[in-house]
Structures are given as C-alpha cells and as structure tokens.
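What follows is a single structure, written as structure tokens, with notes after it.
The values are calculated or read from the model by the stated rules, or taken from the named source; none is laboratory data. Predicted, not measured: the structure shown is a model, and the values here were computed from it. When we count neighbours, we look across all protein chains shown, and the Cβ atoms used for this are built from the backbone with ideal geometry, even at glycine. Quick note on the areas: whole protein, heavy atoms, side chains included, nothing else; ligands and nucleic acids left out. Shrake-Rupley method; radii C 1.70, N 1.55, O 1.52, S 1.80 Å.
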Amino acid sequence: MFVCSEASIRSLIIHSVGNKLKGDTFILSNSTASIGSELEEVLQKFMFSPFRSNELYNFSNLNNNSVYNSIKQMFGSSNSFTSESKKIAKTLFEKTNNPKVNGGNLFIAHFKDMIFNDELVNAIGIFKTESADTFLKIRSADDKLLVERDAGINISKMAKGAIIFNIASQEENGYLISLLDKRSKNEEIAYWSESFLNVIPYKDDYYQTKNTMTCVCDFVSHTLPEAYKMDKSETSALLHTSLEYFKENDEFAWNEFAKEVFVTPQVISELELHKTKYEKENDLDIAETFTINVPAVKKEAKLFRSIIKLDDKFDIIIHKDNENLIRGKDAATGLNFYQLLFKNEE
C-alpha cells in the first residue's frame, strides 16, 4: 500500500495532551524538534511499523472537520505546520471526553518522499502514545557499572496513529488515510477515529472485498442454519466453496457468485434479502461487482475456517468439503456422531 523506505521527516513537533476530565496537563510546543539521522531512524520505526492494514479511510464532514482543515493548511504551506499542529492537539484535548481514556504525548510529523501506489507523495502523521515503560539504564562510573531506573516510551507500543497522504485527486474527498486505533478495554467509544479524526472507510476494492466476505459468512453461519436447519458440516462446505470463489477469481459479481455457490433460486433470493438487510444494519454500501482484493481475502479467510465443536471434548476442523464427513445418530445411546472417511493417516 505505502512504502516508507525512502521517506524522511521534514518537520516533527511533540505536544502533551492529557485527559481534561482527570485534570491532566496540556502542554503545547512552540517549535519543532531537532533530530539527527540516528534518532530519525528510530522514530520512523516507531511511527511506521505498527501500520500493517491495507484498509484506508477518508476524513468526513469536511466543512466542520478541524483536523482535516489543519492538514489541508499544512500541505498548502510549510510555515503553518507548528500553528496547525497546536490546533490539532487542542482538538484532541477537547474531544477526549471519556474519563477512562489515558493522556499521552502527541507526535505530529511532516514526511516527504513517501511512496503510495507507486506515486511519490508527502504525508502528515499524527501519533499518540498513552503509556510510559520502565527501563534499566546501565552507565559506567569509575571502575564499575551502575544500573539505574528510567522511564520512557516503548517504540513498539504505539497506541493511536494516522498517516494522511497528500494525493491531489483525493484532497476534496477527505484525503486517503491509514489508521491505527488500538483500543484498551476501558475505551467505551472510538474517540480517536470517530470523535477526533472523524473518518469513514474509503470504499475501494479492499472495502468491498472485506465487507462482502463478512456478509456472506454471516449469511452462511447464521441465516441459513435457521432457515433450512443446516448442520455444521453443511454450512462448513458452503463456507469453503465461498472462500474458494474469492481465492480463484479476480473479479467478483454477486449474481455469478450466488449461482455458483448457492445454486438454488430460493437460497439465492434469501442471500439477496440478507445483503440488503446487512448493508442497512451495518451502514455499508456493497457494490454488485468489484475487483477482488487479495490482502483482504487473506485477512478475512479466518472467518471461513470451519470448526465443529462437539460438547467440550472434540473439535473437527474442516479444511475443504464435507463429502467424507457423515453425520448420524446412535440408536443405542441416543447420541449424535460423525463418521470420517479417509485414505491416508499421518
């Protein structure tokens, strides 16, 4: 999705943004930080390595989105970086309305020479750390080594982040954003992505593939068993067939997929009704046709893994079809059973 190997930090500023409901401090820097090449290498690892998802977002409600407007100013004029970074920090401070949210340090960086879809672009990164770790520091004194306790930021524990790419064609659509939003158990709302950044998913092929797969999985796992009294072995076979379609095809078409996987007109009609209901309940807009996104298929494939749990004693994992799995009932005990037919044993 994006490559940062050639990127460099043009400007970096750090603010301290606490939780106002806890009476935490709010400290704004008046100038950018000075960093050398060695520190920049560490900072880039800290900022970029947590971003592993191919999912993208846009800013929404652009006329009233203060973060979007600040980012737009930053991209337009490098002289506005410090002043606009303060506005972003103030917005985060005001939007932190949950007493359970931890305060922390806010890093805002302007990067140059990022590669996004083979295009060289600038980017703005907004990163927040919410915890400090204890470290042991070793130093020499006279003829011995001393150990001391120190506190600092663990560079592998980024809590929140957003990288906004300066792609001219996307400016009026709310830019393209890679998002990091690790939520603690204490967070009751997505304050980072919803209240602060106010972003929505970007409706590209990744979005379409991901949401189509979750819709199909929900249909097979919940709607079909209730409507047709299917057992686990039957739904497992349909999950496998559905996943194979996504793996073996480059393009997705709902009509073609439905006929190939579900075959029966009545079941196909049920699928169409489920899709409409699923879109409404989850506020989604799933296209009828799209290019299948391979990273999305790999990520969502785990949903299609078929495991039949038998009481609390056995699990049957079905990797492909269910032709060699026979379900029955033992007359003597009244218990259900599965008969497994196979050629080889390892």
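Here are some notes:
- Within straight-line reach of K20, meaning a Cα separation under 19 Å, sit the following lysines at least 8 residues removed in sequence or on another chain: K86, K87, K90, K95, K100, K128, K160.
- With respect to the chain, whose longest principal axis is taken over its alpha-carbon atoms, helix 66-76 is tilted by about 60°.
- The stretch between L340 and F26, if pulled fully straight at 0.36 nm per residue, gains 106.6 nm over its current Cα-Cα span.
- Distance-filtered residues of the range 231-259 - backbone nitrogen under 19 Å, label point 7 angstrom along V294 Cα→Cβ: 243-253
- When a 1.4 Å probe is rolled over the protein heavy atoms, the share of accessible surface on the chain that falls to carbon and sulfur comes to 47 percent.
- Taking a ≥ b ≥ c as the square roots of the eigenvalues of the Cα gyration tensor, the range 13-53 is classed as oblate, since a/c reaches at least 1.5 and a/b does not exceed b/c.
- Full extension of the chain between L120 and R305 gives 62.7 nm of extra length, using 0.36 nm per residue less the Cα-Cα distance.
- Here S8 and K280 are evaluated by their C-beta separation; at R0 = 41 Å the FRET efficiency comes out at 0.35.
- Spatial offset of the range 252-278 relative to the range 222-250 amounts to 12 Å, using the alpha carbon center of each.
- Ellipticity estimate at 222 nm from DSSP helix runs (n ≥ 4, -39,500 (n - 2.57)) divided over the chain, nearest 500: -9500 deg cm²/dmol
- Cα gyration tensor category, rounded, prolate or oblate, for the range 1-85 with a/c compared to 1.5: rounded
- Less than 5 angstrom separates the built amide H of L106 from those of H15, S16, V17, all sequence-distant by 5 or more or on a different chain.
- Backbone N atoms of the range 276-290 closer than 19 Å to the 7 Å Cα→Cβ label point of N255 belong to residues 276, 286-290.
- Taking every protein chain into account, the accessible area of the chain amounts to 57 square angstrom per residue (probe 1.4 Å).
- Close amide H partners of I167, meaning residues 5 or more places away or on another chain with modelled amide H under 5 Å apart, are L176.
- Here the gap between K112 and M230, fully extended at 0.36 nm per residue and compared with their Cα-Cα distance, gives a gain of 36.9 nm.
- Between the helical axis of 205-218 and the longest alpha-carbon principal axis of the chain there is an angle of about 40 degrees.
- Annotation: for a label point projected 7 angstrom from Cα along Cα→Cβ of A132, residues of the range 94-123 with backbone N closer than 18 Å are 102-107.
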